[in-house]
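The next block holds one structure in the form of structure tokens; read it before the comments.
The values are calculated or read from the model by the stated rules, or taken from the named source; none is laboratory data. Please read all numbers here as calculations on a predicted model, not as lab measurements. Don't worry about glycine lacking a Cβ; one is built from the backbone with ideal geometry, like all the others, and counts go over all protein chains shown. Accessible surface is based on the protein model in full, side chains and every heavy atom, while ligands, DNA and RNA are left aside. Shrake-Rupley method; radii C 1.70, N 1.55, O 1.52, S 1.80 Å.
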Amino acid sequence: METKFYLLPKLPYEYKDLEPHISEEQLGIHHDKHHQTYVNGANAILQKLDKARKEGADLDVKSTLKELSFNVGGHLLHSLFWGNLAPAGKGGGEPGGVLGDAIEEEFGSFERFKKEFTQAAVSVEGSGWAALTFCTQTNRPVIMQIEKHNTNIYPMFGILMVLDVWEHAYYLDYKNERAKYVEAFWNIVNWGEVNKRLEELLKE
Ligand code: MN
């Protein structure tokens, strides 16, 4: 029950393993600098809350909670992202299992899903994410387009797969060409992991 703060998770592969789709330099900075910043940011706010509560001091609750949501969202989404990527040559293709069936049933085909998800990712206004989620009330997979790390989220939908489309995720490799980065993403999706997330959600 202890564990009171967030930790940067280790990647399940090496920084160079996603090349040529994501370079070692790009992935290294993304994980070690950008993700770490959200972990530090979230922990600093938790410490600030601890301190203010202990001292009985007043807080700007509105701005503190907004900042906490942003940083925790950033940390959790990045953690999901690393896990739904696979080393080049070991990812991509099409999903099987219960996920493959759910996508086929909802979208009509994997190609149709891929097209909609790509459009969601490419069209995020400013910085954000595309996410494949699942609604257990309707048993439908739903594409979620997240702005920043925490806007447009459906509470309670399980997140199966995310794609980071912040410029910090691709700028070194693709400059301003987000669409090329999104196209490359499909080569390194870890469908086994995405399918496993759905299986675990359905067990609950
Ligand atoms: Mn990122």
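Checking the Cα-Cα distances for Lys16/Lys175; Lys54/Lys148; Lys148/Lys175; Lys51/Lys196; Lys114/Lys196 against a 28 Å cut-off, the pairs over it are Lys54/Lys148; Lys51/Lys196. Three principal axis extents describe the C-alpha atoms of the chain; from largest down they are 57, 41, 33 Å. Accessible surface area normalised per residue over the stretch 38-133 is 51 Å², counting heavy atoms of protein chains with a 1.4 Å rolling probe. For the stretch 70-203, a simple Cβ point-charge model (Lys and Arg +1, Asp and Glu -1, everything else neutral) yields a dipole of about 160 debye relative to the Cα centre. Return one number: the angle in degrees, 0 to 90 and rounded to the nearest 10, between the long axis of the Cα atoms of helix 36-55 and the longest principal axis of the Cα atoms of the chain. Rounded to the nearest ten degrees, it is 30. Principal-axis analysis of the Cα atoms of the chain puts helix 110-122 at an angle of about 40° to the longest axis.
Close amide-amide hydrogen proximity is noted between Leu160 and Leu132, Thr133, Phe134, each under 5 Å apart and 5 or more residues distant or on a separate chain (H modeled in the peptide plane; Pro and chain starts excluded).
Against the chain, whose longest principal axis is taken from its Cα atoms, helix 97-107 shows a tilt of about 80°.
Report the local net charge at Ile103: Lys and Arg +1, Asp and Glu -1, summed over other residues whose C-beta lies under 11 Å from its C-beta.
-4
An ellipsoid equivalent to the stretch 23-83, defined through the eigenvalues of its Cα gyration tensor, has semi-axes of 29, 10, 8 Å when rounded to whole angstrom and sorted largest first. Annotation: the antiparallel percentage among DSSP beta bridges lying fully within the chain is about 100. Within the stretch 97-203, all pairs of alpha-carbon atoms sorted by distance into 5 Å bins from zero give the percentages 2, 12, 23, 24, 20, 12, 5, 1, 0. Contact order, relative form, for the chain: 25 percent (alpha carbon pairs under 8 Å, 6 or more residues apart, mean separation divided by residue count). Counting charges near Leu198 (Lys, Arg +1; Asp, Glu -1) among other residues having Cβ under 14 Å from its Cβ returns a value of -4.
A cut-off under 11 angstrom between Cβ atoms defines the neighbours of Ala86, and their net charge, with Lys, Arg +1 and Asp, Glu -1, is -1.
In the chain, taking the dipole from charged Cβ atoms about the Cα centre, the farthest positive-side position among Leu172, Val72, Gly108 is held by Val72.
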